[in-house]
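See below for the structure under consideration.
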């Protein structure tokens, strides 16, 4: 006889890895509407890769690559940097308030929280308990007469972007998810548009036997389109009616919509893009710059926060941590600036030539 285990959270990871649709219990290959979720997974990967590769961290004292620090910021939003004297290591982890706030609403003290504090691993549990009892004073700046700090009792906070009223910001992964959800619908809509324009029609049948006879010739709308079957059975007692007005957009319109949404996604990271509206015809660089908008300030916002963090950390612990914008992003912005400068210089050169010819 099975024991009553009571409420518990099942481990769904093996089912996901085995390709089982958690909503239907069927394999993903048999699921009817898994294309959107699969596309959303791809978009999440792209969004995370763009986020974690924007900035490059150098000379980190922890055994962590630059991408790992940005990954934690992507999923947590804020981190704390500190040195543990007993363990003899530097750490950068999420944190929780442990004390009061100052007149500006900033945390006076916190305690670290491991990234994996929710697991059942004994080592991580022991570390979480150890960190829970470690109260650290938050340092927001170093004055000339306060350079000496108790290096094992202080910490420096790092945020992914400028804070709002609260001291805790929403992680990028949470902010971007609704936008990625809309983007993931564009490709299925495009597929539906292509199917709707392929000439498939429905006919009315009187009973299930007639429906079965029609279905023998066309096994569903998509299969009928792929196999050039002209009819799909609709069981019912009413005449077939159009569910829409019959007008369908071109398939490229959905891709243009997705491109505009992707440009908006890139602008939230301060990465140069084509803007919310891209002309189908040839577009001048000056027009592209106007459509793209001032995304440089968004990138500068994150860079300023990271550089200020590096300055405070280096003063307290005598380190040489630095952060910069990735070379690919810098090269793209520089190329756009050079092309814009060339477009600006061309009319001036033309005016000088025309003026000389008129004087002659």
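Scattering from the range 147-196 was approximated by placing one identical point on each alpha carbon and applying the Debye formula without solvent; log10 I(q)/I(0) at 0.17, 0.22, 0.25 1/Å stands at -0.74, -0.88, -0.96.
Ranked by Cβ crowding within 10 angstrom, fewest neighbours first, how are 172, 48 ordered?
48, 172
Using R0 = 35 Å, the C-beta based FRET efficiency linking residue 252 and residue 116 works out to 0.20. Projecting label points 7 angstrom from Cα along Cα→Cβ for residue 165 and residue 207 puts them 6.7 nm apart.
Between residue 314 and residue 300, the contour length at 0.36 nm per residue exceeds the alpha carbon distance by 3.0 nm. Neighbour counts of C-beta atoms inside 10 Å place 15, 131, 264 in the sequence 15, 264, 131, starting with the fewest.
Every number in this text was worked out from the coordinates using simple rules, so none of it is lab data. Quantities reported herein were computed from a predicted structural model and do not represent experimental measurements. Methodologically, a virtual Cβ is constructed for each residue, glycine included, from the backbone with ideal geometry; neighbour enumeration extends over all protein chains shown.
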